[in-house]
Amino acid sequence: MRTLFAALACWLLVVPAALAVQPDEILADPALEERARDLSKELRCVVCQNEAIDTSNAGMARDMRVLLRERLVAGDSDDDVRDFFVARYGDYVLMNPPIKASTYVLWFGPAVVLLLAAAFVWRAARRRKATVTPAAALSSEEQARLDRLLSDRDGT
Amino acid sequence: MIVEIGHFALVLALVAACVQGSVPLVGAQRNRADWMAIGTPSALLQFIFLAVSFACLTYAYVVSDFSVVNVMANSHSQKPLLYKVTGVWGNHEGSMLLWVLILALFGALVALFGGNLPAGLKARVISVQGWIGIAFLAFTLFTSNPFERIFPPPLDGNDLNPLLQDPGLAFHPPMLYVGYVGFSMAFSFAVAALIEGRIDAAWARWVRPWTLVAWVFLTGGIALGSWWAYYELGWGGWWFWDPVENVSFMPWLLGTALLHSAIVVEKREALKIWTVLLAILTFSLSLLGTFIVRSGLLTSVHAFATDPERGVFILIILLITIGGSLALFAIRAPQMRSGGIFAPISREGGLVLNNLLLATATATVFLGTLYPLFVEALDGSRLTVGPPFFDATFVPIMLPLIAACAVGPLLAWKRADLAGALGRLKFAAGAGILVLLATLMFADDGPWLAIPAMGLAAWLFVGAASEWAERVKLFRAPFAETRRRAAHLPRSAYGMTIAHMGLAIVMAGIIGASAWKQEEILVMQNGESIVFAGYDVTFLEMRRIQGPNYVAERASIRVEQDGEQIAVLTPEKRFYPVQGMPTTEAAIHTTWLSDIYIALGDEGETNAGEAGWVVRLYYEPLVPWLWVGSLVMMIGGVVSLSDRRLRVGAPQPKPAKAPSGQAVPAE
């Protein structure tokens, strides 16, 4: 379910253009174009809501796609291109947030949650085991009675 | 006049909710049967008032009464009748009214069918439903009143957003809301149990079907929304890890965990405290989902502050509901005792693992969705958390879950033999390896992870089937014996098998669609042909057509394979003059194994400089399995709901014990 609001925001903010990547943007070199497409999935359209420039209809996204391809044609590596956009728009432009002090909680949070939860389950299981006293072994009298009951049932 | 009746009925519903929220509860605390008995009529009255209110608003939409602000802002006299009706909930105010209507419906259902519940529990549950009703009715009446009038009335309305004028999206909100609100039942039962300080198997037996109903609808709602995005937005995507999607996905994940942990409470009286907590959290996430979308909180913290009246109201409701129930939980939970001990390797152990992973997955989505807000509120810097984050964190949590999902149902309660269970999965393992090898041969590119993941999907599918085969002794006993066993297997067992198979189908769809999608964007002219994904695609012609409230340009595009015509697809580009908005209507041909998806763009120029039309072609392998699989999962839920135990529904403490002296096999 695409967010309606995101879609709307992009449609309303800009003159309704066509959809996402246009034929005239596509680079002649297929290898370069593939890199461009992969990169444009990682870069956010900065006027849209959570939408990569690869799929955005906004004019801004188109400008960014064209700019991205210009950088690639000029010989930039993928990292150069990312750095170029981060220098312009900040980390905000990356769909994949960089791992640094301010995102440690984000990136390592899931693993910490899993470990904490697992530790909690383990502890609860141990505690429960400790509170339950193992049943005492059957006395010989009980064992004999059990055997009798079992053989009775087999007989019926 | 009719509009005023609706408005008045809404006020009366609030009054009924106030009675419902107080009298039965006080009665239950003081053990007064007559006070408790007030619950039933007040819950029914609240529902009747809301039904009247909703009918009145619908009437205003159908007759296009533009003196009502809400109708004026969201409807138009030329709109098709279907979208006039669905326009009622296509906006904030109307959707809140739908929300409280569904809430009151659930309350009324407890009142009507809760006769076999202990009187105190029933009264408390109805009261808690009443509190939620009070909060939402007050919010609707004081900040989002759909019955407000405007003078002088305009000649015509502003029309509904064209993107919403679509059958898929018309029914997406009601299904989603039945899902969200359905979890209020689990919440009310949990809070009532905390007030009483007692949970038993009968409690779980009541909570589970309600949770299942909510889960089935939420599954449908999410799938419908995803399907809509797929065919309406024009580039063949179906899931975006967008915050608005995530907030509906979180209650689904946690609700799925709740569904499984309630089984343990019902069968083994273990995990009680955890299940109560899950019920509270699941509904809390549903509330968050309802509000977060409407409040603008997700755009930015600042957007939230621009409409402080609603925003503050929302915050207060969330704080009281979530904070209050968690505080109650903190006070009461330590006094509750869980029974049922079990070894780590057991059915219970498997379900604990399920809960552990689903809860972690929920936490991951929660972090990814709300972290940008925390950061922005903290130091004003802005951050984007997009699909790459979720691919990197969510997928590794789900893969072990899928792997374990085939094993869990084969484990015995209390203490199980893991090696034995794995041994019984040899066909599943074989199928997994076979599919893995086949994928390795046929998939020429795409991420490597997709290949073992396809094997895992096959493992789950065949694993779920072998659990059933195991139980009916397929091929190991005479056929008559198998048939007898199959007939006697409870429907809930069938429900589980079907739902797990559905999950495997959905998983294959997800992998196929994300790993091997093909795309071609080009300018085509009349009569031009290209070869795409093994098909010959010819652009036949372009025609202008007139719809009921739009004009469209429609292309005819022929798709052939080996010289044989497969389909003529007619993608459209529509323009809705009232809202001045264009939309794309993609054309899709499905073979059930894959889709050919064509969307039309603007006029463009070919490389040679000649005029033509921008055409986007997508080859979407296995995408139909997403919708089929979701449907299969829903069917699994419905089959489980039809289980005799639930239909008869009597929350007897336990199935009648066998006469003493005879051992009851652990099941």
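How do the pairs read when you match residues in the stretch B:220-237 that are under 20 Å from B:M507 (Cα atoms) and without any contact (Cβ under 8 Å) to a residue 24 or more places away in the chain with residues anywhere that are part of a loop (DSSP other than H, G, I, E, B) and of a type in the set (A, V, I, L, M, F, W, C), using Cβ under 8 Å and keeping only pairs 6 or more apart or on different chains?
B:A229/A:M1; B:A229/B:W238; B:A229/B:W239; B:A229/B:F240
Please work out if B:S67 is polar (S, T, N, Q) and surrounded by fewer than 21 Cβ atoms within 10 Å (Cβ to Cβ).
So B:S67 passes the test.
Among B:G157, B:G179, B:G107, B:G114, which is the only one that is more than 23 Å from B:V3 (Cβ to Cβ), among the small types (G, A, S), assigned by TED's automatic domain parsing to the domain that holds B:A51 and in contact with a Phe, Trp or Tyr (Cβ under 6 Å, 6 or more places away or on another chain)?
B:G179
In the stretch B:148-191, what count of residues is obtained for those that are closer than 26 Å to B:T282 by Cβ and not hydrophobic (A, V, I, L, M, F, W, C)?
Counting residues in the stretch B:148-191 that are closer than 26 Å to B:T282 by Cβ and not hydrophobic (A, V, I, L, M, F, W, C) gives 10.
Among the listed residues B:L254, B:L224, which satisfies the condition of being within 14 Å of chain A (Cβ to nearest Cβ) and at pLDDT 95 or above?
After applying the criteria, what remains is B:L254.
When the residues of the stretch A:84-107 are filtered to those that are more than 19 Å from B:P387 (Cβ to Cβ) and at the interface with chain B (Cβ under 10 Å from one of its Cβ atoms), which remaining residue is nearest to the chain's Cα centre (by Cα)?
The residue in question is A:V105.
Which one of B:R574, B:R476, B:R554, B:R558 is assigned to a loop (DSSP other than H, G, I, E, B), among the basic types (K, R) and farther than 30 Å from B:P209 by Cα?
Of B:R574, B:R476, B:R554, B:R558, the one residue that is assigned to a loop (DSSP other than H, G, I, E, B), among the basic types (K, R) and farther than 30 Å from B:P209 by Cα is B:R476.
Here are some conditions: (1) modelled with pLDDT under 85; (2) within 9 Å of another protein chain (Cβ to nearest Cβ). A:V14 meets all but one. Which one does it not meet?
(2)
What number of residues in the stretch A:55-79 are among the acidic types (D, E) and surrounded by 22 or more Cβ atoms within 10 Å (Cβ to Cβ)?
Adding up the residues that qualify gives 0.
Considering every residue within the stretch B:175-198, establish whether at least one is of a type in the set (D, E), out of contact with any strand residue (DSSP E or B) (no Cβ under 9 Å at 6 or more places or on another chain) and outside any helix (DSSP H, G or I).
No, every residue in the stretch B:175-198 fails to be of a type in the set (D, E), out of contact with any strand residue (DSSP E or B) (no Cβ under 9 Å at 6 or more places or on another chain) and outside any helix (DSSP H, G or I).
Yes or no: the stretch B:381-391 includes at least one residue that is closer than 22 Å to B:A453 by Cβ, small (G, A, S) and part of a loop (DSSP other than H, G, I, E, B).
yes
Taking B:T584 and the conditions (1) over 31 Å from the mean Cα position of the chain (by Cα); (2) assigned to a strand (DSSP E or B), which numbered condition does it fall short on, given that it satisfies the others?
Against the list (1) over 31 Å from the mean Cα position of the chain (by Cα); (2) assigned to a strand (DSSP E or B), B:T584 comes up short only on (1).
When only residues in the stretch B:374-417 that are surrounded by 19 or more Cβ atoms within 10 Å (Cβ to Cβ) and of a type in the set (S, T, N, Q) count, which is nearest to B:A457 (Cα to Cα)?
Checking each candidate, the answer is B:T393.
Is one or more of the residues making up the stretch A:130-141 at pLDDT below 90, more than 9 Å from chain B (Cβ to nearest Cβ) and surrounded by 11 or more Cβ atoms within 10 Å (Cβ to Cβ)?
Yes, some residue in the stretch A:130-141 is at pLDDT below 90, more than 9 Å from chain B (Cβ to nearest Cβ) and surrounded by 11 or more Cβ atoms within 10 Å (Cβ to Cβ).
With respect to B:L45, is the statement that it is of a type in the set (A, V, I, L, M) and free of Cβ contacts under 8 Å to residues at least 60 places away in the same chain true?
yes
Give the residues of the stretch B:260-279 that are surrounded by fewer than 24 Cβ atoms within 10 Å (Cβ to Cβ) and farther than 18 Å from A:F120 by Cβ, sorted by residue number.
Those that are surrounded by fewer than 24 Cβ atoms within 10 Å (Cβ to Cβ) and farther than 18 Å from A:F120 by Cβ: B:I263, B:E266, B:K267, B:R268, B:E269.
Based on what the data block shows, is B:S556 more than 30 Å from B:V506 (Cα to Cα) and either surrounded by 17 or more Cβ atoms within 10 Å (Cβ to Cβ) or without any contact (Cβ under 8 Å) to a residue 24 or more places away in the chain (or both)?
Yes, satisfied.
Go through B:A416, B:A404, B:A443, B:A438 for me and flag whichever is over 30 Å from B:I292 (Cβ atoms), within 26 Å of the chain's Cα centre (by Cα) and of a type in the set (G, A, S).
None of the other options fit; the residue is B:A404.
Being of a type outside the set (S, T, N, Q) and in contact with a helix residue (DSSP H, G or I) (Cβ under 9 Å, 6 or more places away or on another chain) is the filter here; which residues of the stretch B:530-574 pass it?
B:Y550, B:R574
Just give me the residues in the stretch A:41-62 being at pLDDT 85 or above, farther than 12 Å from A:A20 by Cβ and facing another protein chain (nearest Cβ under 9 Å), in sequence order.
Passing the criteria: A:E42, A:R44.
The values are calculated or read from the model by the stated rules, or taken from the named source; none is laboratory data. Quick caveat, the model's predicted, so the values are computed rather than measured. Cβ coordinates were reconstructed from backbone atoms using ideal geometry, including for glycine residues, and neighbour counts include every protein chain displayed.
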